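Heads up, the thing below is written out as structure tokens.
The values are calculated or read from the model by the stated rules, or taken from the named source; none is laboratory data. Predicted model, so just to flag it, every value in this text is computed and none were measured. When we count neighbours, we look across all protein chains shown, and the Cβ atoms used for this are built from the backbone with ideal geometry, even at glycine. These area figures cover heavy atoms from the full protein model, side chains too; ligands, DNA and RNA do not enter into them. Shrake-Rupley method; radii C 1.70, N 1.55, O 1.52, S 1.80 Å.
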Amino acid sequence: MGFNCGIVGLPNTGKSTLFNLVTKANAPAENYPFCTIDPNIGIVTVPDDNLSKIAGIIKPDKITPTTLKLFDIAGLVKGAYKGEGLGNQFLGQIRGVDAIIHVVRCFQNTNIAHVYNEINPVGDIEIILTELVMADLEIVSRRLDSVRKGLRLGRKDTTTAELDLLEALHNALSNGQCIIDTDISSDQTLMKAWGILTAKPYVVVANISEDDINAASTEFQALLTWGEARGIPVLPVCTKFELEASELEDEERREFLESVGISQSGTEILISTCYALLDLLTFYTPVGNVLTAWTLKRGSTMYEAAGLIHTDIQKGFIKADVVALPDFLAHRGLAGAKEAGAVLTEGKDFVLRDQDIVVIHFR
């Protein structure tokens, strides 16, 4: 199982460049607004050193890592929620993702036009967030009117609990707040069903210039301060520089990045940040000659894990052997861990831990 994120921002901020960098794709990245109309979609392998450690013990014929599906969504502009700049189409594309990656331009380049003719990253991110807030306000307002009418008519599909939630959402949005930034307890499944954009977790990627790598510009520093005040991750990535470096072999690329002070690729940091944003865990199944990494929400049960692997495994579930990764590695596999008493035999209600090694027995 993987997860999906949408790349969002104003036109000409470097969204498609970031997409190409992360996915190693070749999506168009031109110097004009709305270069991307239909979203580009790429599948990215999530970096996971544990797979090679496990594989070193069990010697599988095949290794299947977990993945990130990335959507490169066209640039939004002021008035997008009213349909400006094909806004309705683009906002609709965002509604299906699990998390949002906001790309904000911090670099100066007279050859690349800024849609508002000013490099102002804080202003830019607030434009986009305002568009998402206003789009949500329209959705919530319509639903609120429907629920109020339903309660007056005694419809059984409307409840006072839903009314209370909608009123809380409406009040927050009317005050310009993103739902994720409030203390409103919201069910993500329900928020996704309603199409609430600002309930989605998000991260900000500051697209910086090469000059900013070792000496932050005032524009980037302002954006960083903005993020710190809101508890929002702001990740500096020089997409142009890293895209050029990505053409090198792994060792050369690492040396090239380290030569300018980049110890870890911005894209690797971005993927791990998205993983953390969505509160995910990874578990592993070494079955036969195949080693697979799976992704689930923290708090998921063994029964849910079985269903993720295959519905037949879930239906026929008997028990599961579970061993923590450190014990698996220390005892050189499942057999050694069993001899050391480090393997648990658990039922379907067992709550998985991050990095568990799991073997499910089923009918």
Length gained when the stretch residue 153-residue 361 is fully extended (0.36 nm per residue, less Cα-Cα span)
69.7 nm
Per residue, how many Å² of accessible area does the chain show with a 1.4 Å probe?
48
Taking protein heavy atoms only, a 1.4 Å probe, and rounding to whole percent, the accessible area of the chain owed to carbon and sulfur comes out at 49
Calculated from backbone phi, Karplus (6.51, -1.76, 1.60) coupling profile of the range 98-109 in Hz, x at Gly/Pro
7, 8, 10, 10, 8, 9, 10, 7, 10, 8, 9, 6
Kindly sort 148, 253 by accessible area of their heavy atoms, largest first, with the probe set to 1.4 Å.
148, 253
Evaluate E = 1/(1 + (r/R0)^6) for residue 301 and residue 250, where r is the Cβ-Cβ distance and R0 equals 45 Å; express this FRET efficiency to the nearest 0.05.
0.75
222 nm mean residue ellipticity, helices alone, for the chain (DSSP H n ≥ 4; -39,500 (n - 2.57); rounded to 500)
-12500 deg cm²/dmol
DSSP beta bridge pairing in the chain, given as percent antiparallel to the nearest 5:
50
If one builds a Gaussian network model of the chain from Cα atoms under 10 Å apart, the most fluctuating residue listed among 135, 199, 342 is 342
When the label point is put 7 Å from the Cα of residue 228 along its Cα-to-beta-carbon vector, which residues of the range 202-220 have a backbone N closer than 20 Å?
203-209, 212-220
Assigned charges on the beta-carbon of Lys, Arg, Asp, Glu; the range 118-209 dipole about Cα centre (debye):
620
Kirkwood Rh, the range 175-234, all Cα pairs: how many Å?
13.5
With θ set to phi - 60°, apply the Karplus curve 6.51 cos²θ - 1.76 cosθ + 1.60 along the range 168-174 and write out the HN-Hα couplings as whole Hz, x wherever there is a Gly or Pro.
5, 4, 4, 5, 5, 5, 5
Only Cα pairs within less than 10 Å get springs; with that Gaussian network setup on the chain, which residue of 147, 133, 22 has the largest fluctuation?
147
Quick check: Cα centre of the range 96-125 to Cα centre of the range 209-248, how many Å?
12
What is the packing order of peptides 267-273, 66-72, taking the mean over residues of other C-beta atoms within 10 Å and listing the highest first?
66-72, 267-273
Quickly work out the residue 167-to-residue 321 label distance, labels modelled 7 Å from Cα along the C-beta direction, and quote it in nm with one decimal.
5.7
Calc'd 3J(HN,Hα), the range 256-270, phi into Karplus 6.51 cos²θ - 1.76 cosθ + 1.60 (θ = phi - 60°), Hz, glycine/Pro = x, comes to 5, 5, 5, 5, 10, x, 9, 7, 9, 4, x, 5, 5, 5, 4
Computed over the Cα atoms of the range 185-286, the Rg and Dmax in Å are 16.9, 50
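What is the mean projected area of the alpha carbon convex hull for the chain, to one decimal in square nanometres?
Taking a quarter of the hull surface, the average projection is 21.4 nm².
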